[in-house]
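The values are calculated or read from the model by the stated rules, or taken from the named source; none is laboratory data. None of these values were measured; they are calculated from a predicted model. Backbone-built Cβ (ideal geometry, glycine too); neighbour counts: all protein chains shown.
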Amino acid sequence: MLVCAHGGAATCAWLVLPGAAGALLAGALFALGLAAAWSRALLASGASVRTIEIDGPTVVLGLANGEAFPAEIGERRFVSSFMVSLPVRRPVRRTLLVTADMLGRAEFRRLRVWALWGKLPPVAPAQLPA
């Protein structure tokens, strides 16, 4: 969808600005769409967030390139049955979108509870993984 949206923008730019300048602008917009899809939508970039480790109020983000760093999550979070949106304040400003099919059912529920209340629900010792 992201590449298609940029492709539509490229087509519109080429129609409005015909000639070599329009073709260059259209090519740049389409290339931007490919780059955005690679780094954001496909999570293929080395800077893509792969793990979120929650320990009380502390959050550690793990990247695809193996790096991990503590992050400060903003207060304005969006939580629904299908997705959780987490705005990261520090060290970089970005928004993490976690959908229900990215995690197991129990893990997604725990993420939703943490996003709403700021703490994880208690777990009985018998439920912890071995």
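Side notes on the structure shown:
- Selected residue (only one of Ser48, Ser39, Ser85 is surrounded by 11 or more Cβ atoms within 10 Å (Cβ to Cβ) and in contact with a Phe, Trp or Tyr (Cβ under 7 Å, 6 or more places away or on another chain)): Ser85
- Verdict on Leu24 being touching a residue at least 24 places away in the same chain (Cβ under 8 Å), at negative phi and either outside the structural domain of Arg112 (by TED's automatic domain parsing) or outside any loop (DSSP other than H, G, I, E, B) (or both): no
- For segment 63-74, the candidate set comprises residues that are outside any strand (DSSP E or B) and farther than 12 Å from Thr95 by Cα; within that set, the residue that is modelled with the lowest pLDDT is Ala64.
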